[in-house]
Amino acid sequence: MKVNGTHYRPIWQAKDGEAVEIIDQTKLPHAFETLRLTSMQDAAHAIKAMLVRGAPLIGATAAWGLWLAMREDASDGNLESAYTMLMATRPTAVNLRWALDAGRAKLAPLAPDARVEAAKTFAEQVCDEDAELNHAIGRHGLEIIRAIAAKKSGETVNILTHCNAGWLATVDWGTATSPIYQAHDEGIPVHVWVDETRPRNQGAFLTAWELNNHGVPHTVIVDNAGGHLMQHGKVDMVITGTDRVTANGDVANKIGTYLKALAASDNGVPFYVALPSPTIDWTLDDGMRIEIEERSGEEVTRIPGRLDDGTLASVTITPKGSPAGNPAFDVTPARLVTGLITERGVSAATPAGLLSLFPEHRAAG
Ligand code: MRU
């Protein structure tokens with residue numbers, strides 16, 4: 001997507017071919033800065049410290065991390081230790097495992113001197129494919145928005161989203177935002193309620209920044225406002241992204257998603273989840289078995305922001321001595337999900353629904 005008229009992805013190979021560049025998402029929305037990653041350790045740090053984040057982008061960064069590792073030392077031992085170190089960065093988004101498993105399977109059978117080029121091709125493929133998948137998700141989601149717009153006879157369609165499942169969280173388009181961008185681009189009047197998404201404020205910092213850049217009407221709200229807005233008929237649909245969908249249709253996503261799904265269900269508001277197929281974990285059939293990342297309590301007790309004079313600062317908001325808990329994700333049971341918007345179409349959040357779109361995952365026999 002465009003930033004000041006220039007097309008950007010949140011990750012790309014540096015022009016000199018010697019590094020990977022990323023948009024440093026910890027600086028947004030206050031500063032737009034790019035950063036060079038020159039080693040696998042840099043890539044692992046970028047994921048762990050959330051300079052890059054969002055399930056598909058975590059996978060793409062890990063793929064580039066394998067390339068950086070192979071440039072340094074393309075031995076079997078280094079392939080294995082890069083795999084292990086990158087895998088240990090964040091536990092919930094399954095795209096990380098998907099990218100690392102696929103990358104290792106491609107590289108391991110090759111002779112070491114063929115691995116650098118193959119790792120680069122693999123990382124480029126992961127990125128290009130993610131952009132294509134998200135574009136296709138947008139086309140399918142657009143049909144849902146079109147139908148709601150038609151029902152409302154051209155009145156604004158109000159969509160609530162949580163966290164950032166935008167282009168910054170992927171390689172392009174975003175998942176939850178792709179239908180929104182495509183609807184806006186074809187002239188459907190859309191307005192987005194942006195949950196601020198404490199503690200890291202990915203909604204207030206990143207989704208609002210993206211929508212602002214693209215000219216999509218939006219309003220940032222506190223995380224607790226969604227239920228109230230739904231009770232008053234101010235939300236036509238919810239679309240979120242996800243870090244992992246299990247084979248039965250349960251959805252792990254940013255903490256607070258579950259409460260939005262409960263409120264949506266209570267108010268008859270359709271609750272959609274947008275995802276590319278690498279986000280489906282076919283090995284699990286119960287979302288309660290997904291490992292939920294527990295992050296530092298400091299993300300809860302301190303809030304970063306920009307002072308009126310433009311300097312960046314962070315302040316403590318809790319009393320000294322009050323401990324903080326910080327589960328980063330929750331699981332929305334499949335029964336609360338109206339539909340899963342994938343690159344192949346929209347399915348029910350059920351085993352049969354998912355398998356109807358991805359029959360290659362039917363158990364043999
Ligand atoms: O902790 P984050 O910022 O990586 O969490 C991101 C989310 O929860 C997104 O909704 C999810 O990864 C889907 S991104 C298309």
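Brief remarks on what is shown
- By DSSP, the beta bridges lying fully in the chain are antiparallel in about 55 percent of cases.
- Local electrostatic count at ASN248 - Lys and Arg +1, Asp and Glu -1, tallied over other residues with Cβ under 15 Å: 0
- Here the range 1-55 and the range 327-355 have alpha carbon centers that stand 30 Å from each other.
- The spacing between the range 193-256 and the range 258-278, judged by their C-alpha centroids, is 10 Å.
- Taking the longest Cα principal axis of the chain as reference, the axis of helix 76-87 is set at about 20 degrees.
- Cross-link partners of LYS151 among lysines (Cα-Cα below 27 Å; sequence separation of 8 or more within a chain): LYS234, LYS260
- Hull-based mean projected area of the range 225-342, where the convex hull spans the alpha carbons, in square nanometres: 10.0
- Estimated from helical segments only, the mean residue ellipticity of the chain at 222 nm is -11500 deg cm²/dmol, where each DSSP H run of four or more residues counts as -39500 (n - 2.57).
- With distances taken between every two different alpha-carbon atoms, the chain has a Kirkwood hydrodynamic radius of 20.8 Å.
- Net charge, ALA131 excluded, C-beta distance under 9 Å - Lys, Arg +1, Asp, Glu -1: -4
- Here the range 76-195 has an Rg and Dmax of 19.2, 62 Å, counting Cα atoms alone.
- Between 0 and 90 degrees, the angle of helix 55-72 with respect to the longest Cα principal axis of the chain falls at about 10 degrees.
- Under-5 Å amide H pairs with GLY174, H placed in peptide plane, nonlocal only: TRP167
- Sparsely packed loop sites in the range 231-306 (the GluC sites (Glu not before Pro) outside DSSP H, G, I, E and B with at most 13 other Cβ atoms within 10 Å) comprise GLU291.
- Nearest 10 degrees, 0 to 90: helix 112-151 Cα axis against the chain principal axis: 10
Coordinate-derived values only; no laboratory data. Here the structure is a predicted model, which means the values were calculated and not measured. With ideal geometry, Cβ positions are generated from the backbone for all residues, glycine too; neighbour counts draw on all protein chains shown.
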